[in-house]
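Each value in this text was obtained by applying a stated rule to the coordinates, not by laboratory testing. Everything quoted here is computed from the prediction, not taken from an experiment. Because the Cβ atoms are built from the backbone with ideal geometry, glycine has one as well, and the counts that use them run over all protein chains shown.
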Amino acid sequence: MDHEKYMKRCYELAIRAGKKGFDTFGAVLVHDGKILEEAENTSDRSKGIFGHAEYNLVHRCAERYPDAVMKGSTLFTSCAPCERCLCAIASLGVETVVFGVSYEAFSRLTPGEASPVDREALLRKLGIRMELTGPVLEDEGMRVFEWWGGEHRPLEELIAEMAEIKAGREGMGDTSGHGAKPREAARKAERAAMSDADTIAELACELWPDHTREEMTAEYRALMTDKEAAVFLFRMEDHAAGFAQCQLRHDYVEGTSTSPVGYLEGIYVREADRGKGIARSLLQACEDWAGAQGCTEFASDCELENTESQGFHRAVGFEEANRIVAYVKKI
Ligand SMILES: [Zn+2]
């Protein structure tokens with residue numbers, strides 16, 4: 001069987017999940033050289049949705065195929081399955097599992113270490129036959145994690161960051177496997193206060209250079225007292241790295257069906273601080289705020305020619321609602 005061909009498909013699915021803002025994992029079920037089913041990761045920790053790709057695949061297959069098909073099928077997965085998924089695969093009756101990235105390699109991206117358990121032997125003791133084969137195209141599979149959470153970051157940087165976390169937290173490892181984020185921004189976005197108005201104005205002038213710092217400071221001071229708006233600031237050790245502002249919109253917002261909706265009015269991260277997950281953290285803070293105001297939809301817009309911003313919107317889970325050209329004249 002052409003393991004590499006099916007593994008490449010798993011990697012495509014994993015990257016697709018990552019670009020939607022999910023964890024980067026994908027799996028396919030192959031029978032007689034044909035892909036029967038495919039699944040991506042849909043984990044949502046804020047809602048407690050497990051959503052691992054293998055688990056989603058198992059559920060997709062469970063009501064469709066008889067045992068005889070399952071027994072002769074091979075499950076391919078982009079990364080060696082966690083214990084919960086192994087149990088799910090075993091319950092389906094699939095006896096052959098091929099993984100891309102090994103437990104050992106994946107553990108370089110998680111706070112915990114790979115468990116040295118002989119899983120096949122353990123399952124055999126329970127009377128379950130399962131053959132775990134891999135790694136397959138492991139280097140390519142590790143690159144897939146560069147898309148974790150939608151914002152592309154080099155693998156080397158992710159590994160270095162996790163090594164640092166591990167060194168700093170010796171003996172306190174989180175061993176939650178796939179559930180652990182391989183990267184977390186060092187700090188979180190925080191709601192800005194009146195005293196931050198000038199700091200935000202400085203950043204805002206980099207984003208909107210047509211305005212003066214004084215104008216901006218005054219505007220942000222006013223915004224701080226507006227109950228229908230919120231500004232978030234992301235601070236590093238010694239400087240402010242970025243900000244985002246959002247507000248409630250009661251008028252019609254393109255593509256939405258509820259009112260009011262949360263609206264992203266602006267988001268900016270300084271060039272030197274990009275690629276660290278800061279924009280994502282700022283956006284999450286805005287969405288959380290809008291959710292707390294009772295909104296179930298969150299919208300945004302950008303210029304037609306701003307493809308960088310469009311890429312960001314897609315990467316963080318926005319779907320394009322419409323493209324419009326606006327006109328105005330003095331009357
Ligand atoms: Zn799993």
Go from 0 up to the bin containing the longest alpha carbon distance in region 53-96, width 5 Å each, and give me the % of pairs per bin. 5, 25, 39, 24, 7, 0
Can you give me the relative contact order of region 3-127 as a percent, contacts being Cα pairs under 8 Å and 6 or more apart? 20
Nonlocal amide H pairs with Cys79, under 5 Å, H built at 1.01 Å: Gly26, Gly100, Val101
For region 139-146, take each phi angle, set θ = phi - 60°, evaluate the Karplus expression 6.51 cos²θ - 1.76 cosθ + 1.60, and give the result in whole Hz per residue in order, putting x for glycine and proline. 4, 5, x, 5, 4, 4, 5, 5
Distance (nanometres) between label positions extended 7 Å along Cα→Cβ at Thr212 and Leu126: 7.1
Rounded, prolate or oblate: which fits region 80-141, taking a ≥ b ≥ c as square roots of the Cα gyration tensor eigenvalues, rounded meaning a/c under 1.5, else prolate when a/b beats b/c? prolate
Which aspartates and glutamates have a Cα lying under 15 Å from the Cα of Lys19, excluding residues fewer than 8 positions away in the same chain? Glu40, Asp44, Glu146, Glu151, Glu308, Glu319, Glu320
May I ask you to list, by number, the DSSP H helices of the chain whose Cα span along the axis is at least 18 Å and whose average Kyte-Doolittle hydropathy reaches -1.0 or more? 155-168, 278-292
Which of Glu228, Glu305, Glu138 fluctuates most in a GNM of the chain (C-alpha springs under 10 Å)? That residue is Glu305
For region 22-135, what's the radius of gyration and Dmax over Cα atoms, in angstrom? 13.7, 40
Taking all pairs of distinct Cα atoms, average 1/r, flip it, and tell me the Kirkwood hydrodynamic radius of region 211-263 in Å to one decimal place. 13.1
If unit charges are put on Cβ atoms (+1 for Lys and Arg, -1 for Asp and Glu) and the dipole of the chain is taken about its Cα centre, the option from Ser257, Ala189, Thr77 lying farthest towards the positive end turns out to be Thr77
Using alpha carbons only, how many angstrom separate the centre of region 284-310 from the centre of region 221-272? 8
What Kirkwood hydrodynamic radius do you get for the chain when you take the inverse of the mean 1/r over all pairs of distinct Cα atoms, in Å? 22.1
Among Gly127, Gly242, Gly311, determine the one that fluctuates most according to a GNM of the chain built with springs between C-alpha atoms less than 10 Å apart. Gly127
Suppose every K and R has +1 on its Cβ and every D and E has -1 on its Cβ; what is the size of the dipole of the chain about the Cα centre, in Debye to the nearest 20? 880
Just the number, please: Stokes-Einstein D of region 217-331 in µm²/s, Kirkwood Rh from C-alpha pairs, 20 °C, 1.002 mPa s. 140
Under a 10 Å cutoff between Cα atoms, tell me which one of Pro66, Pro116, Pro260 has the largest fluctuation in the Gaussian network model of the chain. Pro116
